[in-house]
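Here the structure is laid out as structure tokens; the discussion comes afterwards.
Nothing in this text is a laboratory measurement; each read-out follows from the coordinates by a stated rule. Being a predicted model, the structure only gives us computed values, none of them experimental. Counting neighbours? That spans all protein chains shown, and the Cβs are built from the backbone with ideal geometry, glycine included.
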Amino acid sequence: MISPSSTVPSDRRELKLLVQNLTDADLAKAAAFLRIGRERLKFDWKIVYSGELDVLMLGSDEAQTVRGMVDDPVATLRVVDAHAAGAETSSHLVRPLEYERFIEMLSGVERRVAATPAAAPAATPVSSKPSLNTTPPAPAPPPAVVLPPAARFRLRRWPPLALLQGYRYHPRLASFLSARHLDLDELARLSNVGKEECQEFLLALMKGEVLDVELAGARRPEPPPTPPPVSTAGTTSPRRPVSSSPAIDRGLLSKIRLSLGLTWRR
Amino acid sequence: MATLNHLKIVFTGTPGAGKTTAIGALSDTPPVVTDVRNTDASLGKENTTVGLDFGQVDLGDGQFVRLFGTPGQLRFEFMWQIIATDALGLVILIDNSRPNPLDDLAIYLDAYKDLLPTMSCAVGIGRTIECPLPTVDDFCDMLAARGLLFPVLAVDVRKREDVLTLVDTVLVQAEMRL
């Protein structure tokens, strides 16, 4: 058994990955992935076997009682064989464990944790004596970023790499947002990516200040496709934009995707 | 005008960036290549493309998406825009191990400047692991400074999935322009 991870002290917040019923190979891989992926992860991850946890990683169908566990985990990851039922679901890691998928899932947890306001410290007992502490109160934490209701979003610029690395579909979502304003429902429907993931991504983009947010009631009509400027090359004549071609429609684009093996699922 | 029977996606970019490889990764048929033995020592590769690379993806019912690769060297610039006109999308591939990758991108942005405002386009940066600078974000900054907003992704064109991701971002833009 691998001993709980020893971590170099750092300023980064620590998250705990509680492992249960993993094979030695799975556990060794998980530990190695955490070491290798440290640069890509925003938190320090520590493998633990009991006590408090943030993520539960299971090598079996059912979780056993976890000694010392108080709160439910942020996420539960199940490690399953490739042919197992449900191997394709978003909370499953398929054997043999793959680095990208493992890091993607932990990055997703990190984003959820980061988007959740930090737990309030335990209430301090009320004292009848006046406090002698002259330290000014700590500034209030910044308010959590939330999506304005019914707002529509569009990228101002292509997001920094750090915002795209979490999931393989982030570049796809960003592409949708690069073209015009979309609300959350539209983004989820057009991209075929789950609404929760879309919301997380939008929040991350908002925090990264690369998103133009159009609030409900302040909507401007989307400009029509820009007509192409007259070519100055002399070898080409003015053209209509590709989008204006009646021959290209969503069905055809779907056909191209299908032929290329570009399929997306929620 | 791009019509049903003449859909094309064009791969352009610097010599050695992997245009031929990217087309080979997607094409249903072995790509037609026009590589010859390279005599330009500065390119640092054995062969280089002097005409068009060509591949295709069969959509059935007699429809195809044609994949064109432009010759990368600057002396073929006159062909670049001709090939890309009316394309469904344009993929610009940049080799980050070259001396001035940002300047390289600027050359292609200039060459296609008439088409880019209405074209679905993505930029793939190769060899970012061996040569991490300039960063992908530096390329994004450059596009933003020109008022352009295209996907910019680090890619390894030997991986079909990377090439597919680039093409998918192009298709998404085309879809959103409908």
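A few notes on this one:
- What the phi angles of the stretch B:158-173 give under the Karplus curve with 6.51, -1.76 and 1.60, with θ = phi - 60°, is a coupling list of 6, 9, 4, 4, 5, 5, 4, 4, 4, 5, 4, 5, 5, 5, 4, 4 Hz, glycine and proline written as x.
- Prolate/oblate/rounded label for the stretch B:6-177 (Cα gyration tensor, a/c 1.5): rounded
- Average partner coverage of A:251-260, which counts Cβ from other chains inside 10 Å: 6
- Amide H partners (placed H, <5 Å) of B:L59, local residues excluded: B:F64, B:V65
- For A:E209, A:E196, A:E110, order by how many other beta-carbon atoms lie within 10 Å, fewest first: A:E209, A:E196, A:E110
- Put in order of Cβ neighbour count within 10 Å, fewest first, the listed residues A:H83, A:H181, A:H170 become A:H83, A:H181, A:H170.
- Between amide H atoms placed 1.01 Å from N, distances below 5 Å from A:D212 occur with A:R154, A:L155, A:R156, all of them 5 or more places distant or on a separate chain.
- Highest mean first, the peptides B:74-87, B:161-174 sorted by other C-beta atoms within 10 Å per residue fall in the order B:161-174, B:74-87.
- Under 5 Å from the amide H of B:C121 lie the amide H atoms of B:L90, each residue being 5 or more positions distant or on a separate chain, with H modelled from the backbone and absent for Pro and chain starts.
- Sequence-distant lysines (8 or more away, or on other chains) whose Cα lies within less than 30 Å of B:K8: A:K255, B:K19, B:K45, B:K113, B:K159
- Residue exposure sequence - B:K8, B:K159 - by fewest surrounding Cβ within 10 Å: B:K159, B:K8
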